[in-house]
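These notes are about the structure you will find just below.
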Amino acid sequence: MKLYTSPGACSLADHITLEWIGQPYEFQIVKGADRKTPEFLKLNPAGAVPALQVGDWVLTQNTAILHYLMDRFPDCGLCGGSLEQRAEVNRWLATVNSDVHPAFKPLFGATAYLEDEAAIQKSHDNARKQLRTYFERVDAQLAGKDWITGSRSIADPYWFVVTQWAKKVGVDLSGLDNLARFDAHMAADAGVQKAMKDEGLI
């Protein structure tokens, strides 16, 4: 298995998961314009990370990779023990992928085309407000828990990644003590630290 990742991108979630699984893998850092080279576009025509290469087969899309890793290594303890627990993992993975991740787009420059500073700032303010609501929900979910669903799963690394984004772009996370505890717990994890060191983040 070979993971193509960019430092701090959502692909960090896959990198952490690979560390947690503990099976042999390789990784390659792909930065900025390198994602648009002909070589990389052969791997992923979308020019985005993550991409996971297994032999001659390449899988893209973050949640697809996370589910593949969970299903390929069922003994890794990242999928929940019952049907209901697995559904909870999918619920919180879907929330972070489909709701939270896209909500960052204005803050990452997606509204720059407006070419109106006031309108762009309004889109940023709205994004931060929307993101605050999502993080309030996960903070409530984390009450009395070390992990999003109560046990470690593939959802946790993705939520950790978007929490790092939130801190960088000025989303108000004040008072979200359960989220802060989760963030510190993840940051102290050996697998998380290894993945972040590999990507030059710490």
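For Gly80, what is the net charge nearby, where nearby means another residue's Cβ is under 9 Å from its Cβ and Lys, Arg count +1, Asp, Glu -1?
Neighbour charge sum, excluding Gly80 itself: -1.
Report, in deg cm²/dmol and to the nearest 500, the calculated mean residue ellipticity at 222 nm for the chain, where each DSSP H run with n ≥ 4 adds -39500 (n - 2.57) and the sum is divided by the residue count.
Result for the chain, helices only: -15500 deg cm²/dmol.
Report the FRET efficiency, 1/(1 + (r/R0)^6), for Ala187 and Lys36, where r is their Cβ-Cβ distance and R0 is 45 Å, rounded to 0.05.
Rounded to the nearest 0.05, the efficiency is 0.90.
How much length would be gained if the chain were fully extended between Thr60 and Glu115, taking 0.36 nm per residue of separation minus their Cα-Cα distance, in nm to one decimal?
16.6 nm
Plugging the Kirkwood radius over Cα pairs into Stokes-Einstein for segment 72-132, at a temperature of 25 °C and a viscosity of 0.890 mPa s, what D comes out in µm²/s?
Diffusion coefficient, whole number: 177 µm²/s.
Of all GluC sites (Glu not before Pro) in segment 114-202, which ones are in loop regions per DSSP and have a Cβ with at most 10 other Cβ atoms within 10 Å?
Qualifying residues, ordered by number: Glu115.
Can you flag which of Lys129/Lys168; Lys42/Lys197; Lys36/Lys168 are past 19 Å Cα-Cα?
In this structure, Lys42/Lys197; Lys36/Lys168 lie more than 19 Å apart at Cα.
Near the amide H of Phe27, under 5 Å away, which other amide H atoms are found, from residues 5 or more places off or on another chain, if H is placed in the peptide plane?
Amide H neighbours of Phe27, under 5 Å, 5+ apart: Leu3.
Note the listed values (i) 1.19; (ii) 1.03; (iii) 1.55, then indicate which one is Cα Rg over 2.2 N^0.38 Å calculated from this particular structure.
Among (i) 1.19; (ii) 1.03; (iii) 1.55, the one calculated here is (ii).
Would you kindly derive the ³J(HN,Hα) couplings of segment 133-150 from the backbone phi angles with the Karplus curve 6.51 cos²θ - 1.76 cosθ + 1.60 (θ = phi - 60°), listing them in order in whole Hz, with x for Gly and Pro?
4, 5, 6, 5, 5, 6, 4, 5, 5, 7, 4, x, 10, 8, 10, 3, 9, x
Can you tell me the length gained on complete extension of the stretch Ile202 to Glu26, counting 0.36 nm per residue apart and subtracting the Cα distance?
61.4 nm
How long are the three semi-axes of the equivalent ellipsoid for segment 83-189, computed from the Cα gyration tensor as the root of 5 times each eigenvalue, in whole Å, largest first?
27, 14, 11
Within segment 1-68, list the chymotrypsin sites (Phe, Trp or Tyr not before Pro) lying in a DSSP loop whose Cβ has at most 15 other Cβ atoms in a 10 Å radius.
Loop-located and lightly packed - none at all.
Applying the Karplus parametrisation 6.51 cos²θ - 1.76 cosθ + 1.60 with θ = phi - 60° to the phi angles of segment 182-188, what ³J(HN,Hα) value in whole Hz is obtained for each residue in order, glycine and proline being reported as x?
Values per residue, Gly and Pro as x: 4, 4, 5, 4, 5, 4, 8 Hz.
Mind listing the long-range amide H neighbours of Ala51? Cut-off is under 5 Å, sequence gap 5 or more, other chains count too, H placed in the peptide plane at 1.01 Å from N.
Tyr4
Which net charge results for the neighbourhood of Gly47, defined as the other residues with beta-carbon distances under 13 angstrom from its beta-carbon, given Lys and Arg at +1 and Asp and Glu at -1?
Here the count lands on +2.
Quick check: the distance between the Cα centres of segment 1-55 and segment 123-202, to the nearest angstrom?
The distance from the Cα centre of segment 1-55 to that of segment 123-202 comes to 21 Å.
What is the extension gain from Asp177 to Ala140, computed as 0.36 nm multiplied by their sequence separation minus the C-alpha to C-alpha distance, in nm to one decimal?
12.4 nm
Across segment 97-113, in residue order, what do the Karplus-derived ³J(HN,Hα) couplings come to in whole Hz, using 6.51 cos²θ - 1.76 cosθ + 1.60 with θ = phi - 60° and x for Gly and Pro?
After applying 6.51 cos²θ - 1.76 cosθ + 1.60, I find 7, 8, 9, 6, 3, x, 5, 7, 3, x, 6, 9, x, 5, 9, 4, 4 Hz.
No lab work stands behind these numbers, since they all come straight from the coordinates. Nothing here was measured: the structure is a model prediction, and the numbers come from that model. Positions of Cβ are generated from backbone atoms using ideal geometry, with glycine treated the same way; all protein chains shown enter the neighbour counts.
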